[in-house]
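S.K.: Before I ask anything, let me first share the structure, which is written out below as structure tokens.
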Amino acid sequence: MTAAHSSSRPGSAPAYIDTSKASIARVYDTALGGKDNYPADREVVERLRQVAPEIGQFTMDHRAFLVRAVRFLAGEAGIDQFLDCGSGLPTAENTHQAAQRLNPEARVVYVDNDPTVVAHGRALLEENDQTFFAPADLTEPRQVLDDPVVTRNLDFTRPIALLQLGTLHHYDESGPLSCVEIMKQYIDALPSGSYVALSHFFDPQDEDSELARRMENVFLHSPLGSGTFRTKDQILAMMPGLDLVDPGLTLCVQWWPDGPQLRPLVAAQRCLVGVVGRKP
């Protein structure tokens, strides 16, 4: 995908983008080695590296989980409609690419209200006629579900895959809805046979909890200001009424990996989980 701008060029940021504040999408872009980021974003990643030097692996595990989950949904599960909330900045393998490689007719609606992502989303529309973008707030389900881009391009009488990947751990529940309530509204709107994929920062409540808390402290007290590590029960509560696909809630790196695990996991990899569920 063509970048809307590159931060490597001085003064390249559009006027409506506040580069003094870190952006969730740009922090992920930084950790993945991208170029669409600014000093505030890089500061967050550098602080994280001080407590978890393997933060790059942590981020790559998350992206790899997205790709494997989408491959499962578009292939084995036969899903051809995707609602990707908090889609972030384009990277090496995106939802529409993973899905359309298996089903060229798969439709993907990306949702994000980050100004940097919106700029990329508009460029995306020019490149793929089965991919759409809605500049909505994922923490307001009715706003997303009623968005004309969503209602026009997704058929809610047929199964849909809802992706909430790396999103809700950046929601501090200071709004009118809790994470559980947000997810319930989305799930209630999905037809039978739909799937939900969720990933989240994880407090394993064991010897790795100390690292989870230190990483959380960096996130919360950095220019980003968000990033909550929740427990297994807290995360599973966000999947109400769904039948979990085997192996259930597990470390992202261990959800249907592409091959055998040849190296021991590092601590940060044990602080990120993913899960896929089907609505009966």
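S.K.: Out of P53, P104, which single residue is farther than 29 Å from K279 by Cα, free of Cβ contacts under 8 Å to residues at least 40 places away in the same chain and not in a helix (DSSP H, G or I)?
M.R.: P53
S.K.: If a residue has to be more than 22 Å from V218 (Cβ to Cβ), in a helix (DSSP H, G or I) and of a type in the set (S, T, N, Q) to count, how many in the stretch 56-101 make the cut?
M.R.: 3
S.K.: Go through G277, G241, G248 for me and flag whichever is modelled with pLDDT of 95 or more, small (G, A, S) and touching a Leu at 6+ places or on another chain (Cβ under 7 Å).
M.R.: Only one candidate qualifies: G277.
S.K.: Further question on the same structure: Can you name the helices (runs of 4 or more DSSP H) wholly within the stretch 162-243 that have at least 2 residues being closer than 18 Å to Q50 by Cα and of a type in the set (D, E, K, R)? Talk me through it step by step, then tell me what you get.
M.R.: Details: elements: 179-189, 209-220, 232-236.
Fully inside the stretch 162-243 and qualifying: 209-220.
S.K.: (1) modelled with pLDDT of 95 or more; (2) small (G, A, S); (3) part of a loop (DSSP other than H, G, I, E, B): which one isn't true of A136, the others all being true?
M.R.: (1)
S.K.: Being surrounded by fewer than 17 Cβ atoms within 10 Å (Cβ to Cβ) and either within 20 Å of R68 (Cβ to Cβ) or among the β-branched types (V, I, T) (or both) is the filter here, so list the residues in the stretch 103-116 that pass it.
M.R.: Listed by number, the residues that qualify are N103, P104.
S.K.: Can you tell which of A119, A123, A161 is within 14 Å of D84 (Cα to Cα) and of a type outside the set (D, E)? Let's see the steps before the verdict.
M.R.: Values: A119 fails: within 14 Å of D84 (Cα to Cα); A123 fails: within 14 Å of D84 (Cα to Cα).
Just a single option satisfies the conditions, and that option is A161.
S.K.: Quick check, is V276 closer than 27 Å to V27 by Cα and in a strand (DSSP E or B)?
M.R.: Working: closer than 27 Å to V27 by Cα: yes; in a strand (DSSP E or B): yes.
So V276 passes the test.
S.K.: Here is a follow-up. Could you please find all residues in the stretch 210-233 being free of Cβ contacts under 8 Å to residues at least 12 places away in the same chain and under 19 Å from the mean Cα position of the chain (by Cα)?
M.R.: L220
S.K.: Right, here's the next one. Residue by residue through the stretch 156-190, note down the ones that are aromatic (F, W, Y) and either closer than 22 Å to N94 by Cβ or touching a Lys or Arg at 6+ places or on another chain (Cβ under 8 Å) (or both). Show your work before the answer.
M.R.: So the first thing to find is which residues in the stretch 156-190 are aromatic (F, W, Y), and the list is 156, 171, 186.
Result: Y186, single match.
S.K.: Taking the stretch 27-50 only, how many residues are part of a loop (DSSP other than H, G, I, E, B) and on the phi < 0 side of the Ramachandran plot? Step through it out loud before you land on a result.
M.R.: Here is the first cut: in the stretch 27-50, the residues part of a loop (DSSP other than H, G, I, E, B) are 32-38.
Next, from what is left, pick out any that are on the phi < 0 side of the Ramachandran plot: 32, 34-38.
Final tally of qualifying residues: 6.
S.K.: Go through (1) surrounded by fewer than 23 Cβ atoms within 10 Å (Cβ to Cβ); (2) at pLDDT below 80; (3) touching a strand residue (DSSP E or B) at 6+ places or on another chain (Cβ under 9 Å) for L32 and report which single condition fails.
M.R.: (3)
The values are calculated or read from the model by the stated rules, or taken from the named source; none is laboratory data. Being a predicted model, the structure only gives us computed values, none of them experimental. Positions of Cβ are backbone-derived with ideal geometry, glycine not excepted, and every protein chain shown enters the neighbour counts.
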